[in-house]
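S.K.: Encoded as structure tokens, here's the structure I'll be asking about.
The values are calculated or read from the model by the stated rules, or taken from the named source; none is laboratory data. These figures come from a predicted structure and were not determined experimentally. Positions of Cβ are backbone-derived with ideal geometry, glycine not excepted, and every protein chain shown enters the neighbour counts. For accessibility, only protein heavy atoms count, side chains too; no ligands or nucleic acids. Shrake-Rupley method; radii C 1.70, N 1.55, O 1.52, S 1.80 Å.
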Amino acid sequence: TAVARAGPLAALTFVLGGVIALFTALSASELGTAMPKSGGAYFYVNRALGPMFGSVAGWANWLGLAFASAFYMYGFGEYVNALVGLGPVGLGPLTLEAAQVIGLAGALLFIAVNYFGAKETGGLQIVIVMSLLGILAVFTVVGLLNADMESLRPIAPPGTTGEVLPVTGIIFVSYLGFVQITSVAEEIKNPGRNLPLAVLGSVVIVTVVYALFLVVLLAAVPNELVANNETAVVDAARLLFGNYEVFGYSLGAVGAGMLLIGGLLATASSANASILSSSRINFAMGREKIVTPKLNEIHDRFGTPYKSIALTGALILLFLVAGGVESLSTMGSVLHLIVYGLLNLALIVMRESDVEGYDPDFEVPFYPAVPIIGAVSSFALIVYIDPTIILLSFALVVFAVLWYLVYAREKVEARGVLGTWILDRSDDLPEQAVSAATSVQ
């Protein structure tokens, strides 16, 4: 989709997405080392800006992960369907794409894995990611050997420059993982050192991998092969590896199979990680009583937050049936951009309020420029996304505020730093500001 709309400039959209993510990664690193608590971005926003904004961040983060998981499973279905070649499938009154049906089956599998518990999930993820990076490295070497820089010209085909920011909004779903690292900050050894390395390192590494891989891909094969092709890398690998033979046999099928496995690993591991992360957000929201603490109940036998996983799983299945690849990825992007914007504002509040106990091991450089740019760029990117998606996201924000006012306001016990800070300075501030702070709390 990105290549169809932006041509070779699609590589630039991934770089731009990485730069926007990096500003938020810096803010998340400081907040994570100062407050290593479960819940990550939700916890920081709730602590700094108050429970009303916490409700917005919690719902946006939770549902954003559900939309992203549905997107990943849709992609998983596309790769599996490249093997089995199914057509549209009728399910009662619904007619679904084969990728959706396969994605539903895959989603049910991963929901079940998380429901019943997976003790080796962490180790399995490491093996999957290292295998995936190895596959991408092999493809990149073969692509470089067959690259023709003329394929990248014109770098900006007519009509593509105006698509850079809208396409960045679509592909930003690729950068949703780094803040989730902070959601397990309580379990990280030496978080003052290791958490910033993990958060910042992940953004830098994947930005380089995305941009390099896409440039090599577009230099090695015709852009037309990639544009609007759901399994473009598989077809590209078949073409490129087909230039080589071993014992008289073409390696085209080997290359295609290798990238097909890579696609399955990427989408499956991403969906699994998102389902895992969502349960921690629910846990933190339940602990603060933004949602019912009953969602935090742990299964007697499996030791998992089974209610939270079941509810998240149901949402993933619903989104997978109702959405397409672009709408699912864009919804995931917008909701997380809202969270990232609030997270940067949370850092500014924590710094300016000089709250007791806020002593991060890692401090954002060039403060306050970094969190201000992080907040502005996150919110501004939303403007370039499909108006229908923006409207749906705005409706969710309204729902989250109403949820807080109607359900959670009388139940929450913690106060945000922002409200406390304003009330403490009430003698120096206009009456309207004090009144606003009190109403938010």
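S.K.: Using only Cα atoms and rounding to the nearest 10 degrees, what angle (0 to 90) does helix 325-353 make with the longest principal axis of the chain?
M.R.: Roughly 40 degrees between the two axes.
S.K.: How much net charge surrounds ALA99 when only the other residues with a Cβ under 11 Å from the Cβ of ALA99 are counted, with Lys and Arg +1 and Asp and Glu -1?
M.R.: -3
S.K.: Enter the accessible area per residue of region 254-406 (Å², integer; probe 1.4 Å; all protein chains in place).
M.R.: 43
S.K.: Any idea what the relative contact order of region 150-272 is, in percent, if you count C-alpha pairs under 8 Å spaced at least 6 apart?
M.R.: Answer for region 150-272 is 17 percent.
S.K.: For region 234-278 and region 169-210, what is the separation of their Cα centres, given in Å?
M.R.: Centre-to-centre (Cα) distance: 25 Å.
S.K.: If packing is taken as the average number of other Cβ atoms within 10 Å across a peptide's residues, how do 344-355, 301-312, 23-34 rank, most packed first?
M.R.: Going from most to least packed, we get 23-34, 344-355, 301-312.
S.K.: On to the next question. Is region 122-252 best put as rounded, prolate or oblate by its Cα gyration tensor, with a ≥ b ≥ c the root eigenvalues, rounded for a/c under 1.5, and otherwise prolate when a/b is larger than b/c, oblate when not?
M.R.: Oblate, since a/c reaches 1.5 and b/c is not below a/b.
S.K.: Next question. Under the rule of -39500 (n - 2.57) per DSSP H run of 4 or more residues, summed and divided by the residues of the chain, what mean residue ellipticity at 222 nm is obtained, to the nearest 500 deg cm²/dmol?
M.R.: So the helix-based figure for the chain works out to -23000 deg cm²/dmol.
S.K.: Count the lysine pairs in the chain whose Cα atoms lie under 19 Å apart, taking only pairs 8 or more positions apart in sequence or on different chains.
M.R.: Close lysine pairs found across the chain: 8.
S.K.: So who's got an amide H within less than 5 Å of the one on VAL291, skipping anything under 5 residues away but keeping other chains? H placed 1.01 Å off N, in plane.
M.R.: HN-HN under 5 Å from VAL291: GLY286.
S.K.: Taking Cα pairs under 8 Å and at least six residues apart, what relative contact order does the chain come out at, in percent?
M.R.: With pairs under 8 Å counted, the relative contact order is 34 percent.
S.K.: Where Lys and Arg each count +1 and Asp and Glu each count -1, what net charge lies around GLY50 among other residues with Cβ under 12 Å from its Cβ?
M.R.: Summing Lys/Arg as +1 and Asp/Glu as -1 gives +2.
S.K.: Among ILE171, THR160, PRO196, pick out the residue whose Cα is farthest towards the positive end of the charge dipole of region 143-207, where Lys and Arg carry +1 and Asp and Glu carry -1 on C-beta, about the Cα centre.
M.R.: PRO196
S.K.: Excluding ASN296 itself, calculate the net charge of residues whose Cβ lies under 12 Å from the Cβ of ASN296, where each Lys or Arg counts +1 and each Asp or Glu counts -1.
M.R.: +3
S.K.: Using θ = phi - 60° and the Karplus relation 6.51 cos²θ - 1.76 cosθ + 1.60, list the HN-Hα couplings for region 366-373 in order, rounded to whole Hz, with x at every Gly or Pro.
M.R.: The phi angles translate into 6, 5, x, 4, 4, x, 5, 5 Hz.
S.K.: So what J values fall out for region 51-56 if you push phi through Karplus, 6.51 cos²θ - 1.76 cosθ + 1.60 with θ = phi - 60°, rounded to Hz, Gly and Pro as x?
M.R.: x, 5, 5, x, 4, 4
S.K.: Just the number, please: carbon plus sulfur as a percent of the accessible area of the chain, 1.4 Å probe, no ligands or DNA/RNA counted.
M.R.: Ligands and nucleic acids excluded, carbon and sulfur reach 66 percent.
S.K.: If you don't mind, another one. Per residue of region 153-161, what does 6.51 cos²θ - 1.76 cosθ + 1.60 with θ = phi - 60° give for ³J(HN,Hα)? Whole Hz please, x for Gly and Pro, Karplus curve as stated.
M.R.: Once rounded to whole Hz, the list reads 10, x, 5, 10, x, x, x, 8, 4.
S.K.: Which sequence of LEU320, LEU133 reflects their accessible areas, 1.4 Å probe, from the largest down?
M.R.: Per-residue accessible area, sorted high to low, gives LEU133, LEU320.
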